[in-house]
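> The following block contains the structure, expressed as structure tokens.
The values are calculated or read from the model by the stated rules, or taken from the named source; none is laboratory data. Just so you know, these numbers come straight off a predicted model, no measurement behind them. Using ideal geometry, Cβ is built from the backbone for each residue, glycine included, and neighbour counts are taken over all protein chains shown.
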Amino acid sequence: MQQFLDPVVLASISSMDLVARTVVDGFMAGLHRSPQFGFSQEFAEYRAYTPGDDLRHIDWNVFARTERMFLKRFHGDTNSQLLILLDASGSMSFKSGAVSKLDYARFLAASLSYMGSAQRDATGVIVFDDRVRNYIPPSSRQGQLVRVLHAIEAAQPGTTTDFSKPFLHFQQFLHRRGIVAVISDFYDDPDRVIGNIEPLRYHGNDVALFHVVDPVELEPKFTDPVVLEDMETKTTLEVSPEYANNEYRARFQRHIDALRTAAQRSGLDYTMMDTSRPLDQGLREYLTLRQRKM
């Protein structure tokens, strides 16, 4: 089944429902234990308290003995809430191969939705660029997965990115804590991005950032000067091979490092998703990161 997790193969499948089933079935076949998204009453272990955690989960008996705050962690085998925020801005339409960043993001969003739905989690999605384009509130009622997958499949490249809009929208309807998965290429100042996202962490949400990048963005291969056009603002810039191969790569790596550092400082998970890699590699990386934190 692992061959069906290849982005090029997934691109040949027209239905998001079929993509989700294919990815999850293939991915799960390679795991020894199912990934856990929810929360339950089966005790797992203790974890040190961090600002934003729900005080109701602190073990006050331990605090009375040690004067240190620890949270009881539980295995996730009951339903929780999973909300996916999918960036559909203009820059997400870029591709150097068969799969655009938006297509890859849609595959990932569909897969996470399918996994959440299979565990009876209340699953929802927000599609955004400079405003909220579509919002399917989290729910576990019958037919919810179809609604979520339809919204993901209908997502089309828009204009610029405004991270404040979807998060303000989400907080207006935030009634319970859960998991928030943000899928984007994060073309913005890292501190501004995290500044908009981290309030969700204060409400006790478990927030995961999936940074979708094209391999050419990581390692451009220009042999001649080229004129590049910004896919959102339409501004142009002439770029020399020397700049692309040296200064650009260093600046892009600094951007990635700054985003990762800012995310970790705020207690957010960060996973890079290279569109040339099979989808299961990024999923495994994310789930491994979650297991280390539990």
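> Test each condition in (1) within 30 Å of Ser140 (Cα to Cα); (2) hydrophobic (A, V, I, L, M, F, W, C); (3) crowded, with 17+ Cβ neighbours inside 10 Å for Leu289 and report the one that comes out false.
For Leu289, the failing item is (3).
> On to the next question. With respect to Leu289, is the statement that it is without any contact (Cβ under 8 Å) to a residue 24 or more places away in the chain, aliphatic (A, V, I, L, M), under 26 Å from Met115 (Cβ atoms) and assigned to a helix (DSSP H, G or I) true? Steps first, answer last, please.
Details: without any contact (Cβ under 8 Å) to a residue 24 or more places away in the chain: yes; aliphatic (A, V, I, L, M): yes; under 26 Å from Met115 (Cβ atoms): yes; assigned to a helix (DSSP H, G or I): yes.
So Leu289 passes the test.
> Can you tell me which of Asp257, Asp230 is closer than 25 Å to Asp162 by Cβ, of a type in the set (Asp, Glu), at pLDDT 95 or above and out of contact with any His (no Cβ under 6 Å at 6 or more places or on another chain)? If you could, list the steps in order and put the result at the bottom.
Numbers: Asp230 fails: at pLDDT 95 or above.
Just a single option satisfies the conditions, and that option is Asp257.
> Taking the stated definitions as given, is Asn196 under 24 Å from Arg251 (Cβ atoms) and at pLDDT below 95?
On the way: under 24 Å from Arg251 (Cβ atoms): yes; at pLDDT below 95: yes.
Yes, satisfied.
> Still on this structure: Within region 92-107, which residues are surrounded by fewer than 24 Cβ atoms within 10 Å (Cβ to Cβ) and of a type outside the set (Phe, Trp, Tyr)? Reasoning before the result, please.
Taking region 92-107 and keeping what is surrounded by fewer than 24 Cβ atoms within 10 Å (Cβ to Cβ), we get 93-100, 103.
Selection gives Ser93, Lys95, Ser96, Gly97, Ala98, Val99, Ser100, Asp103.
> Can you tell me which residue among Val8, Val24 is among the aliphatic types (A, V, I, L, M), modelled with pLDDT under 75 and either within 21 Å of the chain's Cα centre (by Cα) or not in a strand (DSSP E or B) (or both)? Walk me through how you get there before you give the answer.
Details: Val8 fails: modelled with pLDDT under 75.
Just a single option satisfies the conditions, and that option is Val24.
> Going by what's in this entry, would Val227 be described as β-branched (Val, Ile, Thr) and either within 16 Å of the chain's Cα centre (by Cα) or buried (at least 18 other Cβ atoms within 10 Å of the Cβ) (or both)?
The answer is no for Val227.
> Next question, about the same structure. Tell me which residues, restricted to region 98-137, are in a strand (DSSP E or B) and of a type outside the set (Ser, Thr, Tyr). Before the answer, list the steps.
Looking only at region 98-137, we keep the residues that are in a strand (DSSP E or B), and these are 122-128, 132-137.
Within region 98-137, Ala122, Gly124, Val125, Ile126, Val127, Phe128, Val132, Arg133, Asn134, Ile136, Pro137 qualify.
> Here is a list: Asp121, Asp185, Asp162, Asp189. Which entry is surrounded by fewer than 18 Cβ atoms within 10 Å (Cβ to Cβ) and in contact (Cβ under 8 Å) with a residue 24 or more places away in the chain? Give the derivation first.
Details: Asp121 fails: surrounded by fewer than 18 Cβ atoms within 10 Å (Cβ to Cβ); Asp185 fails: surrounded by fewer than 18 Cβ atoms within 10 Å (Cβ to Cβ); Asp189 fails: in contact (Cβ under 8 Å) with a residue 24 or more places away in the chain.
Answer to the selection: Asp162.
> Next question. With the condition kept exactly as written, say whether any residue in region 77-85 is buried (at least 16 other Cβ atoms within 10 Å of the Cβ), small (Gly, Ala, Ser), assigned by TED's automatic domain parsing to the domain that holds Met273 and under 24 Å from Ser276 (Cα atoms).
no
> Being outside any strand (DSSP E or B), assigned by TED's automatic domain parsing to the domain that holds Ser12, among the polar types (S, T, N, Q) and touching a Gly at 6+ places or on another chain (Cβ under 7 Å) is the requirement here; does Thr159 meet it?
On the way: outside any strand (DSSP E or B): yes; assigned by TED's automatic domain parsing to the domain that holds Ser12: yes; among the polar types (S, T, N, Q): yes; touching a Gly at 6+ places or on another chain (Cβ under 7 Å): yes.
Taking the combined requirement at face value, the residue satisfies it.
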